[in-house]
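As structure tokens, the structure follows; a few thoughts come after it.
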Ligand code: HEC
Ligand code: HEC
Ligand code: HEC
Ligand code: HEC
């Protein structure tokens with residue numbers, strides 16, 4: 001009696017050893033095409049490295065990713081995991097539509113109005129794991145387009161004159177300022193700007209800061225700003241945020 005021929009490994013297992021088998025199939029975490037036998041096709045839209053950790057039930061990568069997302073303040077401009085300001089594209093709606101290379105590129109060589117966080121490939125992939133975990137895999141999240149109000153000239157001019165030489169900010173009126181000496185102020189007065197809970201920014205705190213940064217932070221390198229009456233109000237108007245997302249429930 002001839003023994004049955006040995007099973008021929010197909011798909012990913014033709015070339016790779018299995019792992020994390022109890023957490024799903026290869027393409028659940030990595031995407032790719034399990035019907036293909038040539039690597040270039042099998043690896044179609046592959047997620048590799050830290051980015052694949054999005055699919056692990058509990059992974060230190062995801063803990064690190066969430067901490068990085070919050071310390072860099074991604075949500076002061078983007079919605080991810082349903083939370084964030086609407087100053088730039090909602091990451092939930094696009095992250096699954098992109099390739100890993102596109103996402104790396106977006107993070108490592110950011111668009112004009114996005115700060116350069118100096119991320120390398122590993123940092124970018126780590127963030128991508130969190131974005132994928134929180135994003136809408138099947139594209140059902142409500143979509144919105146970012147629309148900037150036509151600028152109210154006085155607030156923009158005040159920001160440009162008083163702050164814009166050292167700071168930039170994406171605001172409800174578009175990108176403001178050209179400076180790089182100070183941090184990007186996008187979303188300063190919102191919930192997602194990276195600041196300790198007991199020192200979140202509000203108009204009063206900002207006014208005290210502008211009058212004398214060193215009184216609030218020893219060794220601060222920002223010089224005091226001489227504010228004329230009305231200046232603070234127009235700067236606050238320039239930094240105002242678009243209204244939060246309204247729930248997409250029909251009939252409301
Ligand atoms: C014909 C052999 C072959 C098949 C089939 C194949 N791979 Fe690969 N895979 C490779 C080789 C060789 C490498 C290492 C070189 C490279 O990255 O292309 C690799 C690398 C990888 C990596 C690491 C890449 C990274 O960026 O970290 C992952 C993840 C991966 N494969 C997943 C898969 C999955 C999932 C499938 C099935 C959908 C699959 N592979 C099918 C040969 C294959
Ligand atoms: C639950 C999610 C998950 C599943 C399921 C999964 N992987 Fe992975 N894979 C990962 C993660 C995360 C990594 C990154 C390194 C690590 O954590 O081990 C990875 C890394 C890899 C690598 C790169 C190897 C390395 O050590 O650098 C290959 C190749 C790979 N996986 C292939 C596969 C194949 C083939 C299958 C199906 C048998 C599979 N994976 C199933 C999450 C998964
Ligand atoms: C100051 C605002 C701002 C901050 C902060 C910011 N981004 Fe962005 N980001 C943008 C803008 C602007 C774009 C270009 C797309 C657009 O106009 O909405 C963009 C694009 C992206 C894209 C590409 C989107 C696509 O369509 O493919 C990704 C991914 C992304 N950002 C991730 C992040 C992550 C992760 C963080 C935190 C580390 C972050 N961003 C922080 C403003 C910001
Ligand atoms: C001459 C350059 C300069 C000008 C002009 C300037 N800033 Fe700054 N700003 C800085 C620098 C540098 C820092 C970093 C301070 C530090 O921590 O050492 C900073 C920090 C800040 C911070 C603290 C941010 C944080 O994350 O802790 C706020 C808020 C701020 N500036 C608001 C403003 C506003 C609003 C204006 C205009 C009214 C303005 N700045 C004008 C240089 C400037």
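Full extension from residue 154 to residue 200: what is 0.36 nm times the residue separation minus their Cα-Cα distance, to one decimal in nm? Don't skip to the end; give the middle numbers.
Working: separation 46, 0.36 × 46 = 16.56 nm, distance 2.63 nm.
Extending this stretch completely gives an extra 13.9 nm.
Express the relative contact order of the stretch 54-134 as a whole percentage, based on alpha carbon pairs under 8 Å and six or more residues apart in sequence.
36 percent
Would you mind classifying the stretch 153-238 by shape? Square roots of the alpha carbon gyration tensor eigenvalues, ordered a ≥ b ≥ c; an a/c under 1.5 is rounded, otherwise it is prolate if a/b is larger than b/c and oblate if not.
rounded
Return 192, 138, 159 ranked ascending by Cβ neighbour count within 10 Å, so the fewest neighbours appear first.
With the fewest neighbours first, 192, 138, 159 line up as 138, 192, 159.
In deg cm²/dmol, rounded to 500, what helix-only [θ] at 222 nm does the chain give when every DSSP H run of at least 4 residues adds -39500 (n - 2.57) and the total is split over its residues?
So the calculated ellipticity at 222 nm is -8500 deg cm²/dmol.
Dividing the alpha-carbon radius of gyration of the chain by 2.2 N^0.38 Å (N being the number of residues), what value is obtained?
Cα Rg divided by the expected 2.2 N^0.38 Å: 1.29.
To make sure I understand, if each residue's beta carbon is the centre and we count other beta carbons within 10 Å, what order do 234, 146 fall in, fewest to most?
Neighbour counts put them in this order, fewest first: 146, 234.
Could you work out the Rg to Rh ratio of the stretch 45-104, with Rh taken as the Kirkwood radius (inverse of the mean 1/r over all Cα pairs)?
On the way: Rg = 12.0 Å, Rh = 12.5 Å.
Ratio value, two decimals: 0.96.
The numbers here are math on the coordinates, done by the rules we state, and not lab data. From a predicted model like this one, the values you see are computed outputs, not experimental measurements. Cβ sites come from the backbone with ideal geometry, for glycine too, and all protein chains shown count toward neighbours.
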